[in-house]
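Report on the following structure.
The values are calculated or read from the model by the stated rules, or taken from the named source; none is laboratory data. Values in this document were obtained by computation on a predicted structure and should not be read as measured data. Here Cβ is always computed from backbone atoms with ideal geometry, including for glycine, and neighbour counts include all displayed protein chains. Each accessible area value is taken on the protein alone, full model and side chains, heavy atoms only, with ligands, DNA and RNA left out. Shrake-Rupley method; radii C 1.70, N 1.55, O 1.52, S 1.80 Å.
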Amino acid sequence: MTRLQTPTSSYAGRFAPSPTGPLHAGSLVAALASWLDARAHQGRWLVRIEDIDPPRCMAGADDLILQQLAACGLRPDETPVWQSRRCSFYEQALQQLLARRLAYACACTRRDIEMAWERLGMERQRHVERPYPGTCRAGLQGRPARAWRFATEKAARQALPFDGQAAPAWDAADGSLLWQDRRLGAQSQDLVHSVGDFVLRRADGLWAYQLAVVVDDGLQQISHVVRGEDLTDNTPRQMLLQQALGLATPVYLHTPLVRRADGEKLSKQHGARSIDTSTPQACRAALAAAAAALGLPVADCTHKSLADALALWVQAWRANYNHAL
Ligand code: GLU
C-alpha cells in the first residue's frame, strides 16, 4: 500500500464516486486531489460509493472503480461504504427534519410545478433554476404525498450559528449564505430565492443526493471535502442541511474540471472514456494528466515509480493548498 505517512490528525477526506461507469480523466482528478489532500494533512482517506440512484448505476462499476484506484496507488484507509446500504440513516435524518418541521411532504407532479411557475409569471430561462413555488408548504390539501422537501426559508430564518472548521455566515442584508472555498475563494448563494425548497426524497422513493451526502459526510466525520467544481453550487444547500441536522460543516475545496475540446465538462453522460490502468506506466500517465489538471509539476515524473510520483505530488500539493485549513 502507498502509505506515505500514518494518519495522525483528525483530518478525514473522501472520494465519493457515483458508479455510473469506470473512472474517467475527470473523476480521477477529484480522486487524486482528495487523496493528496488527505496525505498532505496526514489524515484518513475514505471511499464512498454513491449508488443511491440505481437507474443511473452501471453493474460492476463500483468494483471497477475500486480496482482502478488501487492500480493507481490510491487505496482507502478504511473499508469503502455503499450508500445503497445506508438508507436507514437517511430515513432517520428525514424523520428528524420532519419532527422539527424543517421538511414537509409534497404532492406536486412536474406538471403542477410548471403550472404554478406559469401562474407566478416565472418564465423558463436558460441556465436559471426556478425555485419550488411552495405549493405544499401549507399541507397536501388531501392529495397523496409524492416527495419530501427541505423547508429552506424556514431553516435559513432560524440561522443558527454553524459548527465546524470553515463555518459559513449569513449576509443579513439579502439572506445569502457566504462561504469560503480553499481554491475558489469567497462564494455566496441566495438559497431562498435561487434554490428554494429542494427535494430530500424523490417521488420514485429514491433518496436525493443532497441528503445522502450530508448524512454520510457527517456520520463519517469528514473534515475536508475535495471534489469537482461542478458540485460547487450544491455546497450551500449541504451546509444548510448540516446545520439543520446538527452536523459539523467540513472545509471545501472544488477542483478544476477537465473539459472536452468543445469546452463541455468531461462526464460519463457525455461518453468520457475510461482511464487506462492496465499497466503501472498507463496508471502513471493517467495520474500525470490528473496532476497537470491540478497545476502540479509533471515534467520529471516519467522516470519515477508510481509511489515516488505520488510522493512528489503530495509535497507540491502541500505547498499549493495547505494554507491555514
Ligand atoms: N457522487 C458525486 C459524483 O460522482 C460526488 C459527490 C460529492 O463528492 O459530494 O459526482
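Considering only C-alpha atoms, what is the centroid distance from the stretch 126-176 to the stretch 36-101, in Å? After rounding, the separation between the Cα centres reads 26 Å.
Could you rank L98, L46 by how accessible they are, 1.4 Å probe, largest area first?
Details: L98 50, L46 5 Å².
Listed by decreasing accessible area, they come as L98, L46.
A cut-off under 15 angstrom between Cβ atoms defines the neighbours of Q67, and their net charge, with Lys, Arg +1 and Asp, Glu -1, is -2. Other residues lying with their Cβ under 12 Å from the Cβ of V81 contribute a combined charge of -2, Lys and Arg counting +1, Asp and Glu -1.
Taking label points 7 Å from Cα along the Cα-to-Cβ direction, E78 and M115 give a separation of 4.8 nm. Between V215, S176, T79, the Cα set farthest toward the positive side of the dipole of the chain (charges on each charged residue's Cβ, about the Cα centre) is that of V215.
Taking the Cα centre of the stretch 77-120 as origin and assigning +1 to Lys and Arg Cβ atoms and -1 to Asp and Glu Cβ atoms, the resulting dipole is close to 220 debye. Phi angles across the stretch 52-61 convert, under the Karplus curve 6.51 cos²θ - 1.76 cosθ + 1.60 with θ = phi - 60°, into 3J(HN,Hα) values of 8, 10, x, x, 8, 7, 10, 4, x, 5 Hz, Gly and Pro given as x.
Here the accessible area is traced with a 1.4 Å probe on the protein chains. For the stretch 110-176, carbon and sulfur cover 50 percent of it. By the helix-only formula, in which each DSSP H run with n ≥ 4 contributes -39500 (n - 2.57) and the sum is divided by residues, the chain has a 222 nm mean residue ellipticity of -10500 deg cm²/dmol.
Please arrange E50, E153, E91 by accessible surface area, largest first, computed with a 1.4 Å probe and ligands excluded.
Numbers: E50 15, E153 80, E91 60 Å².
Largest to smallest exposure gives the sequence E153, E91, E50.
Sort out the exposed loop trypsin sites (Lys or Arg not before Pro) in the chain (DSSP loop, at most 12 other Cβ within 10 Å) and tell me the longest stretch that has none. Show your work: numbers first, answer last.
Numbers: sites that count: R3, R101, R124, R126, R273.
Looking at the chain, 127-272 is the longest stretch - no exposed trypsin sites (Lys or Arg not before Pro) with at most 12 other Cβ atoms within 10 Å.
With both labels modelled 7 Å from their Cα along Cα-to-Cβ, the S278 to Q165 distance reads 4.0 nm.
Would you mind calculating the relative contact order of the chain from Cα pairs under 8 angstrom and at least 6 residues apart, reporting the percent as a whole number? Write out the running numbers ahead of the final one.
Values: 542 pairs, mean separation 76.3, N = 325.
Relative CO of the chain lands at 23 percent.
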